[in-house]
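These notes are about the structure you will find just below.
Please treat every number below as a calculation from the coordinates, not as lab data. All values derive from a computational prediction rather than experimental measurement. Cβ: placed from backbone, ideal geometry, glycine included. Neighbour counts: every protein chain shown.
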Amino acid sequence: MLQSKLFTKTQQTAPKDELSKNAILLQKAGYIEKLMSGVYSYLYLGWRVHKNIENIIREEMDAINGQEILMPALQPKNIWDKTGRWEKLSEIMYQFKDRSDHLVGLATTHEEIITEIVKQHIKSYKDLPRYIYQIQGKFRDEPRAKSGLIRGREFFMKDLYSFHANEEDLDIYYKKVIESYKKIFSRCGLDVLIIEASGGTFTKKFSHEFMVLSSAGEDRVIYCDKCFFAQNKEISKNQPSKPCPSCNNPLKEDKGIEVGNVFKLGTKFSQQQDALYVDKDGKKKPIIMASYGIGLGRLMGTIVEIHHDANGIIWNEEVAPFKYHLLSLGNNDNTVKLAKKVYTTCQEQGIEILYDDRDISSGQKLQDADLLGIPTRLVIGNKTGGKIELKKRSESKTKLVTIDQL
């Protein structure tokens with residue numbers, strides 16, 4: 001991609017109404033643009049990052065036998081009435097009448113709809129277990145839409161739902177999803193704590209949340225940095241500095257950003273919506289369910305909160321919009337010729353590269369490169385002597401290489 005052809009421009013000043021680092025840096029760099037509180041457009045570079053995160057998630061879901069579908073965001077009231085959640089979620093669900101005077105809502109979540117779908121197709125114990133997921137837009141009228149992409153009113157989520165004949169089978173898959181989530185967050189460059197949290201209205205058992213420790217977080221986490229003990233403060237009976245109940249190491253307390261969660265739903269939805277299967281003895285039983293969520297925009301915002309410096313964003317290679325950022329600093333024929341050769345060679349080999357061919361100052365190109373945060377910077381200039389200066393965005397050292405070495 002030629003940077004001169006990008007329709008977006010970097011901004012020198014931070015947006016006035018933003019406090020979070022992810023909102024400031026992503027807008028300055030031209031990854032996203034704010035439309036209104038909690039609602040952002042993903043611009044060309046930002047959508048490339050989002051799609052890379054989406055592909056990581058899709059690969060890991062497929063690896064644990066997930067089957068991808070897409071459910072509607074627009075949903076009728078009568079399905080939500082079966083579970084009583086039309087009224088319960090009315091404060092955050094966008095609800096209105098269509099031109100036929102029917103009440104409809106924009107999905108805050110999809111448990112009701114997936115249960116309606118599954119009960120048409122799963123009839124016998126022979127049809128279980130099954131694992132179904134989607135990557136779909138969600139709408140929530142958040143009273144506290146803030147923190148850029150971390151808490152929005154319109155956002156994308158990956159919803160995985162699993163369906164089982166017994167609790168033992170659910171437990172096996174539940175653990176498998178947790179391991180899959182670890183891989184997803186690791187590939188996105190994040191260290192997560194798996195913490196026990198409230199099951200909310202779904203279950204009396206603990207659910208599990210995946211937290212990234214950060215001052216930008218809204219949750220408070222009680223955890224041990226020696227073993228794996230961690231709880232959301234809202235349910236924890238433990239206090240910081242007190243001995244860990246697992247290993248006696250002093251506990252700590254920090255803020256965290258929730259990037260994913262997993263819930264054992266049990267038979268709550270299947271009972272209310274008559275999603276039944278026939279067991280080996282010919283008896284009808286409610287299907288046992290679980291749900292597993294990841295917010296993609298929230299994940300993208302969290303990556304920026306964790307990986308940035310005073311100059312801009314620092315993407316890792318798996319999520320970055322491009323792998324290389326090529327800068328031509330100089331206008332002599334040899335410099336331009338070498339830059340074009342590097343660019344053409346990368347394109348021929350299928351290597352994702354952004355080539356800053358703009359007619360602007362070298363200082364502005366270098367400043368924009370730091371702001372955009374592409375993992376590897378390649379500089380060709382009058383002072384590089386026919387070679388290419390290679391620098392990782394996450395490092396300060398540089399080295400000169402030939403095009404063959406590159």
Dipole magnitude of region 1-149 about its Cα centre (Cβ charges: Lys, Arg +1; Asp, Glu -1), debye to nearest 20:
360
Apply the membrane-span-like helix rule to the chain: whole DSSP H runs, Cα extent along the own long axis of at least 24 Å, mean Kyte-Doolittle hydropathy at least -1.0. List the helices found.
44-63, 167-187
Spin-label pair residue 401/residue 166, simplified geometry with 7 Å Cα→Cβ offset, distance in nm:
5.5
Cβ charges +1 (Lys, Arg) and -1 (Asp, Glu), total dipole of region 324-401, debye:
340
Run the helix sum for the chain: -39,500 (n - 2.57) per DSSP H stretch of 4+ residues, divided by residue count, reported at 222 nm to the nearest 500 deg cm²/dmol.
-8000 deg cm²/dmol
So what's the gap between the Cα centers of region 75-148 and region 316-358, to the nearest angstrom?
45
Total charge of the residues flanking residue 153 in space, meaning their Cβ is under 14 Å from its Cβ, with Lys and Arg +1 and Asp and Glu -1, is +3
Which Cα, out of 22, 90, 299, lies furthest along the positive dipole direction of region 3-309 (beta carbon charges, K/R +1, D/E -1)?
22
Which Cα, out of 118, 193, 390, lies furthest along the positive dipole direction of the chain (beta carbon charges, K/R +1, D/E -1)?
390
A 30 angstrom limit on the alpha carbon distance is what I want to check against. Which of 82/183; 5/383; 51/237 exceed it?
82/183; 51/237
Cα gyration tensor, region 3-309 - rounded (a/c under 1.5), prolate or oblate
oblate
Size of electric dipole in region 3-309: Cβ of Lys, Arg +1 and of Asp, Glu -1, about Cα centre, debye, nearest 20:
140
Of 77/268; 77/285; 16/138, which ones are farther than 24 Å apart at the Cα?
77/285; 16/138
With a ≥ b ≥ c the root eigenvalues of the C-alpha gyration tensor of region 324-401, is it rounded (a/c under 1.5), prolate (a/b larger than b/c) or oblate?
rounded
Cα lying deepest toward the dipole's positive end in region 250-388, options 344, 289, 369, charges on Cβ:
289
